[in-house]
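The values are calculated or read from the model by the stated rules, or taken from the named source; none is laboratory data. This structure is a prediction, so every number in the text was calculated from the model and none was measured. Cβ coordinates were reconstructed from backbone atoms using ideal geometry, including for glycine residues, and neighbour counts include every protein chain displayed.
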C-alpha cells in the first residue's frame, strides 16, 4: 500500500512541474540561475546609467558649465576595475571550495541565468 502510494505521488509530482524544468534542478543551480539573471540585469542598468551620465557630462563640459578632470575619471575607472577583480576572485574562491557537482550546477545555473536575463 505505501509503495504504491509513493510511486503514484512521485509520478504526480513529476507531472505537476512539467512546464518549469528548473524545479527539478539542484539548489546550487537555482542559486546560480538567480545570481546570473540579476547580475545581467544589474549590469544592463548600470551601463545605461553610466552611459547617460557620460553623455550629460560631456555636453555640460562642451557648454562650459564645468571642467572635467581626466585624471579623476581615470582613477575612478581603475578603482571600479579593481573592485570587479576582487569580486571575480571571491566568486572563484567560493566556487572552487564547493564539491565538483555542486560547483558545476552553480556554474551551469549562472550561465543559464545570464542567457535568460
Would you confirm, using the coordinates I've provided, whether residue 105 is modelled with pLDDT under 90, in a helix (DSSP H, G or I), within 22 Å of residue 117 (Cβ to Cβ) and touching a helix residue (DSSP H, G or I) at 6+ places or on another chain (Cβ under 6 Å)? yes
Give the residues of segment 53-75 that are surrounded by 10 or more Cβ atoms within 10 Å (Cβ to Cβ) and assigned to a helix (DSSP H, G or I), sorted by residue number. 53, 54, 55, 56, 57, 58, 59, 60, 61, 73, 74, 75
For segment 87-96, which positions are surrounded by 10 or more Cβ atoms within 10 Å (Cβ to Cβ) and out of contact with any helix residue (DSSP H, G or I) (no Cβ under 6 Å at 6 or more places or on another chain)? 87, 88, 89, 90, 91, 92, 94
If I ask for residues that are over 15 Å from residue 105 (Cβ atoms), touching a helix residue (DSSP H, G or I) at 6+ places or on another chain (Cβ under 6 Å) and at pLDDT below 90, which ones from segment 1-58 would you list? 17
Quick one: what pairs do we get from segment 68-88, first residue under 17 Å from residue 56 (Cα atoms), second surrounded by 10 or more Cβ atoms within 10 Å (Cβ to Cβ), C-beta under 6 Å, 6+ apart or different chains? 68/61
